[in-house]
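Input: a single structure, listed below in structure tokens.
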Amino acid sequence: MTLHALNGKWNATDEELVRAHAAEYISAVGALYRPGVTTATSGGPAEARGDALIISGDVYCNQHTSLAARTAAGCAVEAVHAVLDGRVARAFAAVRPPGHHAESVAFMGFCFFNNAAVAAHAALARGLERVLIFDWDVHHGNGTQQILEGDPRVLTVSIHRRDGFFYPEGSGFPEEVGVGAGAGYNINVGWRSKGMGDADYLAAYDLVLEPILTSFAPQLVIIAAGFDAVEGDPLGGCCVTPEGYGHMTRRLARLAGGRVVAVLEGGYNTRQVAASSCEVVRVLLGGEPAKLEGEHSFTTSKSLFGALNATLAAATPYCRSASPAAAAVLQSAPPALAPHAAARPRGAAPPSTSLAAATSPAAAAVQFEASQAAAAAIAEAEAAAAGAAAAAAASWAAGEDVSSPIGIDASMLAALASLKLDGGAARPPPPPHAPAAAASPQPRSALPRVASGAGM
Ligand SMILES: [Zn+2]
């Protein structure tokens with residue numbers, strides 16, 4: 001496979017942008033650069049630095065910003081057309097500014113137009129019925145979620161840090177599963193600590209996301225490819241390796257008949273952004289993922305299970321047949337497997353993210369009855385997992401692509417291996433006990449809204 005530079009129309013049109021953004025907002029971005037302007041949210045004149053207008057701590061622009069934002073979105077759209085036309089098999093859009101924080105009527109986090117969402121809408125406009133946006137930027141793709149959370153044609157997945165006040169605050173929680181017809185089609189994996197590495201990301205994909213994505217059966221995969229979870233990034237605090245991104249790319253390329261468009265998002269260690277981009281492009285071109293050798297490539301973090309359990313709890317009601325046995329395994333997991341459950345005072349109500357809270361009383365009863373058998377199942381699965389992990393370790397270390405990550409705590413692997421999620425494409429209507437977040441979307445402020453804080 002050879003590398004082509006795409007030639008085509010670069011600037012997104014109003015028609016393309018308005019599928020994801022309000023017309024007034026598009027106009028507002030076009031008129032953004034006005035030296036000396038007073039912004040409504042900053043409460044005073046915007047600070048000028050050189051020729052850049054700083055609108056807030058994480059949004060600034062100059063006279064070229066509007067065009068650059070249109071070009072970035074247009075490149076993503078062109079990449080989608082090139083892939084759908086069959087001109088290229090896969091594509092990588094190396095664009096700036098990034099897009100995944102931009103909401104329908106709000107710029108934030110260096111983002112003005114949501115490149116991935118605009119690209120997804122371009123694909124839908126061509127008749128596609130199922131598009132996956134997979135966002136591995138270390139920050140939550142709040143804009144992508146907000147724009148598409150009511151649309152069941154686009155499954156949005158974001159893996160990001162959701163600890164403390166990490167940017168963007170207030171979004172990216174697992175309970176945000178989508179709204180209305182889109183309920184169940186937004187998945188957040190929110191890391192509860194920094195320091196997450198290859199093993200954590202691959203575990204999340206292999207054990208939780210892959211069955212759901214396969215069931216959804218996307219016709220096109222758009223990767224919101226931020227590289228700020230890479231080791232050495234000054235903001236991300238995580239330790240994914242460039243090779244780790246290659247392994248994730250390889251997995252995503254198994255979907256949609258290999259039709260993948262990667263769109264660059266954040267990343268603040270330019271050498272690592274370059275190295276990671278090159279590795280992703282190399283795999284998109286058909287190369288084998290490079291051997292994983294990172295310090296955190298094989299050992300998962302202690303907070304992994306809690307994060308995955310929360311995502312599973314939120315997603316399970318929307319899956320076709322969440323296995324009662326799997327639910328029982330999670331419910332009866334020993335303290336080490338469910339730290340937030342173990343910390344709950346005796347008699348206290350279960351946390352909102354627990355499986356019990358997210359499933360119906362009938363399902364909870366099944367879980368209870370099955371809990372006795374689950375203990376035995378865990379022990380049995382542990383023994384099997386130990387052998388499987390050893391075999392996987394050998395093949396993974398050798399650079400082979402294996403379906404199960406290794407280095408995961410054996411008991412955790414056992415619990416997760418029992419899960420039989422096959423939800424996605426044919427999901428039932430939301431159950432009566434669906435997470436509250438699904439029924440009450442956050443109110444959106446009038447345009448244009450400017451968020452504060454450092455991010456992207
Ligand atoms: Zn980011």
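Bear in mind that the values in this text are calculations on the coordinates, not laboratory data. In this text, all values refer to a predicted model and were calculated from it rather than measured experimentally. Here Cβ is always computed from backbone atoms with ideal geometry, including for glycine, and neighbour counts include all displayed protein chains.
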So how far apart, in nm, are the two label points at D163 and T270 if each is 7 Å from Cα heading toward Cβ? 2.9 nm
Report the gain in length on full extension from D14 to S27: 0.36 nm times residue separation, minus Cα-Cα distance, nm rounded to one decimal. 3.8 nm
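Suppose the chain between H64 and R250 were pulled fully straight at 0.36 nm per residue; how much longer would it get relative to their current alpha carbon spacing? Numbers along the way, then the final one.
Numbers: separation 186, 0.36 × 186 = 66.96 nm, distance 3.58 nm.
Length gained between H64 and R250: 63.4 nm.
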For I223, enumerate residues with amide H under 5 Å from its amide H, sequence gap 5+ or separate chain, H modeled in the peptide plane. F134, V261, A262, V263
Which order, highest average first, do 148-161, 86-99, 266-279 follow once you tally other Cβ atoms within 10 Å for each residue and take the mean per peptide? 148-161, 86-99, 266-279
